[in-house]
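For reference, the structure is listed below as structure tokens.
The values are calculated or read from the model by the stated rules, or taken from the named source; none is laboratory data. Predicted model, so just to flag it, every value in this text is computed and none were measured. Accessible surface is based on the protein model in full, side chains and every heavy atom, while ligands, DNA and RNA are left aside. Shrake-Rupley method; radii C 1.70, N 1.55, O 1.52, S 1.80 Å.
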Amino acid sequence: MNKDTGFQHALERRWSLRRSSLICRRPDENRDPVSFFLIKKNGNDMIDLYSMATPNGHKIHIMLEECGLPYRIHHVDIGKGDQFKPAFLKISPNNKIPAIVDSDGPDGKPISLFESGAILIYLASKVGQFLGETDREKYTTLQWLMFQMGGLGPMLGQAHHFRIYAPEKIDYAVTRYTNEAKRLYGVLDKQLANHAYLAGDTYTIADIACFPWTRSWKNQGIDWADYPHAKRWFDTISERPAVQRGVEVLAALRKPLVDEKAKEMLFGQTQYNKR
């Protein structure tokens, strides 16, 4: 069994166990920027998900699993530059994953969305879950979602970059972003000392947004012993079946970032070329 066949067999088995209504087809090199995709047997309306196994991608993978919505996966290989292709830029003009196209939009027509926070709000509104029931609950959820979008995600991303990926070690940057990571975990810990979840006693998109970023705690210089309430929250969410399924989505296609061309795609001049 060659590598491609072995991967395909494993993929088919994994998804057949999880979604009897889905079948897997082999990669189609002519579909842009799709590396593989899943198609519902009956061809009913479903969500097209353009993503990769990153913290931001996993937010939407988890959310779709939690919502039980049928979706079709399109792997966007950001190490190869799929995010810069015209077909992808049409739905994600900021050339970032994830993005979705929902064939059954609010007015019954297709709608495309980029930015993971916007997608989480959209999906929560679509299914009437994970956002809160009262206006107060919704605003509380949204403020913690914005905490992730504006703080936790970007700052932990900088910690990852300067601690692991930067071509040269800059002590100032490593110290600055490691300390900021610790401060943000402290914010989480303080909130979770008095609440089961970030927005209160109910699991919401705020938790779904924050959780994937905390999975790389070791790379961020974090010791869970310093944040016992956040650790309790982390363990609780980790045990959710939908979360366990969500973090597996596309995980087999993620490779260690050691290729210089991939690093250039992600961190070099290619990012800044005018398109």
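Here residue 126 is the anchor, and the aspartates and glutamates within straight C-alpha reach of less than 12 Å, apart from those fewer than 8 places off in the same chain, are 102, 104, 107. Computed from phi, the 3J(HN,Hα) profile of segment 152-163 under the Karplus parametrisation 6.51, -1.76, 1.60 (θ = phi - 60°) reads 4, x, x, 6, 5, x, 5, 4, 4, 4, 6, 7 Hz, with x in place of Gly and Pro. Shown for segment 183-227: the carbon plus sulfur share of the solvent-accessible area, taken with all protein chains present and a 1.4 angstrom probe, equals 43%. In this structure, the amide hydrogen of residue 71, modeled 1.01 Å from its nitrogen in the peptide plane, lies closer than 5 angstrom to those of 47, counting only residues at least 5 positions away or on a different chain.
Note on segment 115-249: the alpha carbon radius of gyration divided by the globular reference 2.2 N^0.38 Å gives 1.07. Dividing the mean sequence gap of close Cα pairs (under 8 Å, 6+ apart) by how many residues segment 115-197 holds gives a relative contact order of 20 percent. The 1.4 Å probe gives accessible areas that order 210, 67, largest first, as 67, 210. Cross-link partners among lysines for residue 261, C-alpha distance below 30 Å, same-chain residues fewer than 8 apart left out? Reachable lysines: 3, 59, 80, 85, 90, 96, 169, 218, 274. A 1.4 Å probe run over the protein chains yields, for segment 127-177, 63 Å² of accessible area per residue, whole-number rounding. Our estimate of slack between residue 226 and residue 87, defined as 0.36 nm per intervening residue step minus the Cα-Cα distance, is 45.5 nm.
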